[in-house]
Amino acid sequence: MARLYPSLLLLVASMVLVSRAAHAWGTPKVVREFEDIPENYVYVQQALWFAMKEYNKASRDAYSFKVEKVLKSQEQVTDGLDYFLQVQIARTVCKRTSEENVNCPFQQDPQMKKMFLCTFIIATKPWVFELTMLKNQCKDV
């Protein structure tokens, strides 16, 4: 019976280590927490482009939306780069089926105007042009 205790202790210790490794596996290690960065930074612009592309693809609105104002842009370093974006978006005059909405003016007709305050978190690996939407949350303004 005395020889059973060390084996049991080793088994329990192994299980604890395996469960901790399994819990951490798949979760990117944060090298640097979110910090404010300029909205004109190239990777922020890329993340904004992707966020709006995904937003418009999922939208049921007949018109496309684009960023009217960037309220906050932050970057976090993990195994890639994560971008936290708080933006105000507005409806444009271009239909959603249009490929390009960058040059579309915003709706001016008061009955057609629509705005949202959105928070997006985009995970990127810009060296392989990989972008993933981690969070997409919008509310009426």
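Here, each number is a calculation from the coordinates, and none is a lab measurement. Only a predicted model underlies this, so the values are computations on that prediction, with no experimental measurement involved. FYI the Cβ positions are ideal-geometry reconstructions off the backbone, even for glycines, and counts take in every protein chain you see.
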Quiz item: Based on Cβ point charges of +1 for Lys and Arg and -1 for Asp and Glu, what charge dipole magnitude is obtained for region 30-141 about its Cα centre, in debye rounded to the nearest 20?
Solution: 520
Exercise. Place +1 on the Cβ of every Lys and Arg and -1 on the Cβ of every Asp and Glu in region 28-140, take the dipole about the Cα centre, and give the residue among 110, 42, 126 whose Cα lies farthest towards its positive end.
Key: 110
Quiz item: Which residues in region 56-78 have a backbone N closer than 15 Å to a point placed 7 Å from the Cα of residue 36 along the Cα-to-Cβ line?
Solution: 70-75
Self-check item: Additional length obtainable on full extension of the chain from residue 111 to residue 130, 0.36 nm per residue less Cα span
Solution: 3.0 nm
Exercise. Report the percentage of all Cα-Cα pairs in region 28-140 whose separation exceeds 17 Å, rounded to a whole percent.
Key: 53
